[in-house]
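Worksheet: one structure, shown below.
The values are calculated or read from the model by the stated rules, or taken from the named source; none is laboratory data. The structure displayed is predicted, hence computed values, not measured ones. Using ideal geometry, Cβ is built from the backbone for each residue, glycine included, and neighbour counts are taken over all protein chains shown. Just so you know, the surface numbers come from the protein's heavy atoms only, side chains and all, with ligands and any DNA or RNA stripped out. Shrake-Rupley method; radii C 1.70, N 1.55, O 1.52, S 1.80 Å.
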Amino acid sequence: MNIERLKEKIKITKDGTIIIGDNISCDGSSIDKPVSIISHAHGDHIKHFESALSYCNHVITSAQTRDLLIAERGSWLKWRRNFIGLSYGETFDVSQNEHIKLFPVKHVLGASQVLVETTYGRAVYTGDFNYPNTDPIKTDVLIMEATYGCSEDVRQQSEQQLLDQFVSLITREIGQRKPVYVFAHPGKIQCLMSILTNAGVEIPFICGPKDFKWIEVYRKYGYTIGTVLQQGSSEAAEIQKSGSPFISFHRIGSNVPEAKDFLKIRVSAFMAKEDFYELQPNYYVIALSDHADFNGLLEYVRRSEAQLVITDGSRCPKAYMLAREIKERLGIEALALP
Ligand SMILES: [Zn+2]
């Protein structure tokens, strides 16, 4: 093992590409790296997906993420021989000296952490992940996300407590035969639909065309989701006019004027002041997140037994704070890149 040599071969570019070793880029692409790995299907991790497909020998992701991208971008992707869906734990030999494996993380369906084994040692790139419910991988160098990398980014309530509050807000409202508007990120939308279905909510869900395309993939991988209608379809329009209750899902930041007089719930920890609160009358915020909070990030580092941690500053400026905290609190060498 040679940590210094391994460190020299890891870079993060301003546009978010993580370079590991001689041949590999993650969540981006580099013209001189023949293998591109996609950790998960969220927009800020697939910006270079199609350019990578055009010039990389292999574009590798989990089987689930491959299915999500095919559903989203079109079935032509099925026939791209360099677009590979790997099973978790399966080894892909990049060269004699570099081997990769993907392991699951709790985030959007198919999200993976990437283990690269090289002659100089092991490097793990976490991608985005939630903690607990993600198993840390033992490694020499850890490259990690830093979304909640500030020491104040600590959640008080458990995920289950927040989900219970989400379900009870919704069941109360639909009991009065009123519609509900939910704002969340892609992937979270499908999970929330499944949670409501499992809680016995039987009224129709409505969502936009992009999120609608992912529903079948979630079902394929075991999520139970009730009736979903596509926004803009005649079936959805009929329900919306009928006066019957429905739950309408939208991405965070969407402008939905028709939601004005009804219960609105934003499900995201980003910029949330508390775990659960009423932002305006009848507009609630629930800080459910698929990213580890500050304590979760530190706990992952501790359990990974990494000797060097590199935090991803290309996607979040808190990476610089997080690297400082890792050094001070855990006594582990850490830096933020780029
Ligand atoms: Zn993500």
## Note on the structure
Only unsatisfied item for ARG251, checking (1) under 25 Å from LEU196 (Cβ atoms); (2) surrounded by fewer than 19 Cβ atoms within 10 Å (Cβ to Cβ); (3) more than 16 Å from the ligand (Cβ to nearest atom); (4) at pLDDT 95 or above, is (3)
### Query
If you scan segment 274-314, which residues turn out to be surrounded by fewer than 17 Cβ atoms within 10 Å (Cβ to Cβ) and part of a loop (DSSP other than H, G, I, E, B)?
GLU274, PRO281, ASN282, GLU305, GLN307
### Query
Given the structure, is ILE19 open to solvent by 10 Å² or more (accessible area, probe 1.4 Å), of a type in the set (A, V, I, L, M, F, W, C), modelled with pLDDT under 95 and away from the ligand (no atom under 16 Å from the Cβ)?
no
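When residues of segment 62-84 are filtered for being surrounded by fewer than 20 Cβ atoms within 10 Å (Cβ to Cβ) and either more than 18 Å from ILE100 (Cα to Cα) or within 14 Å of the ligand (Cβ to nearest atom) (or both), how many remain?
Residues flagged as surrounded by fewer than 20 Cβ atoms within 10 Å (Cβ to Cβ) and either more than 18 Å from ILE100 (Cα to Cα) or within 14 Å of the ligand (Cβ to nearest atom) (or both) within segment 62-84 amount to 11.
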### Message
List pairs: first residue in segment 273-287 and on the phi < 0 side of the Ramachandran plot, second residue hydroxyl-bearing (Ser, Thr, Tyr) anywhere in the structure, Cβ distance under 6 angstrom, at least six positions apart or on different chains.
### Response
GLU278/TYR284; VAL285/TYR277
### Complete set of residues in segment 32-61 that are away from the ligand (no atom under 16 Å from the Cβ), of a type in the set (S, T, N, Q) and within 21 Å of the chain's Cα centre (by Cα)
SER36
### Task
Kindly indicate whether VAL256 is modelled with pLDDT of 95 or more, closer than 21 Å to PHE129 by Cα and outside the structural domain of LYS138 (by TED's automatic domain parsing).
no
#### Entry: Residue list for segment 198-226, filter: open to solvent by 30 Å² or more (accessible area, probe 1.4 Å) and either of a type in the set (Ser, Thr, Tyr) or in contact (Cβ under 8 Å) with a residue 60 or more places away in the chain (or both)
LYS210, LYS213, GLU216, LYS220, TYR221, TYR223, THR224
#### Entry: When residues of segment 95-128 are limited to those that are in a strand (DSSP E or B) and charged (D, E, K, R), the one nearest to the ligand (Cβ to nearest atom)
LYS106
### Query
Is it fair to say VAL141 is more than 24 Å from GLN190 (Cβ to Cβ), open to solvent by less than 40 Å² (accessible area, probe 1.4 Å) and more than 21 Å from the chain's Cα centre (by Cα)?
yes
### Task
Collect the residues in segment 227-241 that are open to solvent by less than 70 Å² (accessible area, probe 1.4 Å) and either free of Cβ contacts under 8 Å to residues at least 12 places away in the same chain or closer than 19 Å to ALA71 by Cα (or both), keeping them in residue-number order.
VAL228, LEU229, GLN230, GLN231, SER233, ALA237
